[in-house]
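Taking it in order: structure first as structure tokens, then the write-up.
The values are calculated or read from the model by the stated rules, or taken from the named source; none is laboratory data. Just so it is clear, the model here is predicted, and its values are computed rather than measured. Note that we place each Cβ from the backbone using ideal geometry, even for glycine, and neighbour counts take in every protein chain shown.
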Amino acid sequence: MHSGRVVFGAMDEVVFGRPASEALVEQMNRLGATRAFLMVSGTLNRQTDIIENIRRTLGSRCVGTFDAMPSHTPRAAVIAAGEQARAANADLIVTIGGGSITDGAKAVQLCLANDIRNPDDIDKLRTGRGGPAQLKAPVVRQISVPTTIAGGEFSATAGVTNEKTKVKESLHHPLLMPRAVILDPWLGLHTPEWLWLSTGIRAVDHCVEGICSREAHPYGDAQALKGLSMLAQALPRVKADLGDIEARMDCQIGTWLSTGPLTSGVPMGASHGIGYVLGAEFGVPHGHTSCVMLPSVMRWNKPANAAQQAQVAAAMGHANEDAGDVLDRFIRGLGMPRSLREVNVGPEHFDRIAKAAMATRWVPRNPRRIEGPAQVREILDLAA
């Protein structure tokens, strides 16, 4: 008999298939917001007219723009954005960009609410790690307009990298989840092909590790299986025609569905856990960590969840085939890297990666139990 608990997040709405500029005005009117602070992609701001058009549409309701968030959301950039938002007296943060910007804005919300003004004090936001038992809840909330498809905008967790330790740390609060997400497929036309496709594999990873979890449940599975099917069909269509707006929309909706397991309490596994280490310590892009690790994790896990892996293969249109092989071919077909060597991570680092991965929150909850670094090393060897 199934048992468990699904907690519905603090998101009000998802708007899809509409231009972001007009949807943002409607959302600000709905929320009664008058002072929007934009956290945006530097590339979009400096090399296109997208952000300027949005500023023009918002008019006096736009009170500032921050466009300097590096990959993996380092603490120093979070503080810089927070100070700028505080000085602007923002009553809403609007993100337009990828997952690092989305996570950065989530962290800024906590910094504003808890008067965090320097990088070291972000430790105070990490409950259970010397921080307060009860954080002050964010008052300045967020609307997210994603330009990649990893799906972080649908969670109440922010990943922030501690530059001193090179560890990606998680910040949590129910109100970090954006008030609304706007899925504008036309914005994806400005996203580099490799970034769109690789973050799409990150969304595939959400689906797959959710379906294959030993804590999976029907509510999460229903979303993940549909999301995986949509992504498996739509990502190759974008690869074949970068201007296919309907395919991009399907990718965005598939990504939204991919977060169903995680947002309903289903843990991710070793692909995500090892990926955190590869990103924070070696600078491997989020999407590429999933491209490199997911098939190997599936092969290592198969003795523990073969029936669930069969569901994955079927959802991707390859019933009765090995899911690890299906994913391997799919990722290669998109032109993405498929080995640690291809992302410049050599075997000399594997022992250190394995030890660090054990400290992440997902590796200990992998569906095939991982008791120590030696087993993580086995997975890394498969992905070498």
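Counting only helices (runs of 4 or more DSSP H) that fall entirely inside region 32-133 and contain at least 3 residues that are of a type in the set (Gly, Ala, Ser), the qualifying elements are 75-87, 99-114. Residues in region 35-51 that are exposed (fewer than 15 other Cβ atoms within 10 Å of the Cβ) and in contact (Cβ under 8 Å) with a residue 12 or more places away in the chain: Arg46, Thr48.
Screening the candidates His349, His288 for the property of being crowded, with 18+ Cβ neighbours inside 10 Å, touching a helix residue (DSSP H, G or I) at 6+ places or on another chain (Cβ under 8 Å) and assigned by TED's automatic domain parsing to the domain that holds Ala216 yields one hit, His288.
The requirement of being without any contact (Cβ under 8 Å) to a residue 12 or more places away in the chain and either within 27 Å of Trp194 (Cβ to Cβ) or crowded, with 20+ Cβ neighbours inside 10 Å (or both) is satisfied by His318. Residues that are touching a strand residue (DSSP E or B) at 6+ places or on another chain (Cβ under 8 Å) number at least 3 in the following helices (runs of 4 or more DSSP H) confined to region 236-292: 245-258, 270-282.
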